[in-house]
Amino acid sequence: MSELEKIAIEKAKEAVYLDQQGSRDAAIARYREAIQILSRLISLSQSPVLKEVYRERVRRYMERLNELTASGPNKVIVKQQTSGEEAIFEPVQTDVKWSDVIGLEEAKQAIREAIVYPWARADLFPLGWPTGILLFGPPGCGKTLLVAAAANEVNAILYTLDAATVMSKWLGESEKNIAVLFARARTDLSKGRPVVIFIDEADSLTSQRYLEVGGEARARNQLLKEMDGILSKNKREYLYVIAATNKPWLLDDAFIRRFQKRIYVGAPDLTNRLLLFRHYAANLRLSEDADLEQIARTTEGYSPADIYNICLDAHLSTIREMFERGLEEPRNITMDDFIAAISRRKPSISEEVVKRLMDWGRKHEAY
């Protein structure tokens, strides 16, 4: 956390200096980097005070970034003239393919039926199709990857919606940001492409709170209103809202009901762990003793993100050894490298969390 904060401060200082020197493009790049790091700090911090400090910095940098990029041809910029507050919504580019999503066959099938099939043959869906999809499950198991792959499959325009961008201290601005994004999404439908609004960490925006400020309640109500507009029966639009959460039990009941599909995205089983290790190790040089099947058996409870990091750590250990010993090339990755990487990385998925998710799923799941 402290290192990330130092990096964010340095990026911001560079941005201000470059801005003062008239180096517009370089300043824009530094402002964006600072905003990205601060947004990460907001999601990591457990302190409400620090979160608000980071949000305030993001708001200031966004304000200046909006001024610098106001003439840019490809930016989607929302001006809030009454308060000086600004929200920036930019379409996200993705090249993720279905083949990049290992396992999760049930989830992939449900998303295909909701997005890919109606886009290919709308005439087969006289009752319309699901346009609200909720993905829930442990962190690092592929929820965001599923959304990226689905959007890429139908060449959709993809927007992300999160509390760090939407929430504002100014009266009425939070709900206005949401309304403007949905209005922009509906306008984009005229381009002949589907539009996906992805709400990551939905519980941070739509959770039930016993003590909440008016802005949070109004923002949530505005989101529910916008979703009602696209979930009407027999409505045949290609505007989708996909939300992801690790803590579905925090979600507001009214928000949950807006999703026709509620899909569990769980930890990989033995078969899929082996597929993941083979996928990530495909371009690595392995020794003959590197038994991926044995490694897969010893990593129960590890998420796909954990498995990626294990492969990365094992690979980096050979790179580190090459530089420290003055070798010309790194040696092949051995079984010991994988074992050492696993010993240093505990699984990010606990049995208690999985049980709670499964209990919630038994009450709310809808494929």
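Here are some notes:
- Enumeration of residues in the range 1-39 that are hydroxyl-bearing (Ser, Thr, Tyr), surrounded by 14 or more Cβ atoms within 10 Å (Cβ to Cβ) and part of a helix (DSSP H, G or I): 31, 39
- Taking the criterion of being in a loop (DSSP other than H, G, I, E, B) and closer than 29 Å to residue 155 by Cα, the residues of the range 237-255 that qualify are 237, 238, 246.
- Of all residues in the range 108-122, those satisfying the criterion of being in contact with a helix residue (DSSP H, G or I) (Cβ under 7 Å, 6 or more places away or on another chain) and without any contact (Cβ under 8 Å) to a residue 60 or more places away in the chain are 108, 116.
- Flag for residue 165 being touching a helix residue (DSSP H, G or I) at 6+ places or on another chain (Cβ under 8 Å), modelled with pLDDT under 90 and not assigned by TED's automatic domain parsing to the domain that holds residue 55: yes
- Annotation note: of 359, 336, the sole residue that is assigned by TED's automatic domain parsing to the domain that holds residue 133 and among the acidic types (Asp, Glu) is 359.
- Tally of residues being modelled with pLDDT of 90 or more and part of a loop (DSSP other than H, G, I, E, B) across the range 109-128: 2
- Screening the candidates 306, 313, 269 for the property of being touching a Lys or Arg at 6+ places or on another chain (Cβ under 9 Å) and in contact (Cβ under 8 Å) with a residue 40 or more places away in the chain yields one hit, 306.
The values are calculated or read from the model by the stated rules, or taken from the named source; none is laboratory data. It should be emphasised that the depicted structure is a prediction, and the values quoted were computed from it without experimental measurement. In this analysis, Cβ positions are derived from the backbone assuming ideal geometry, glycine residues included, and neighbour counts consider all displayed protein chains.
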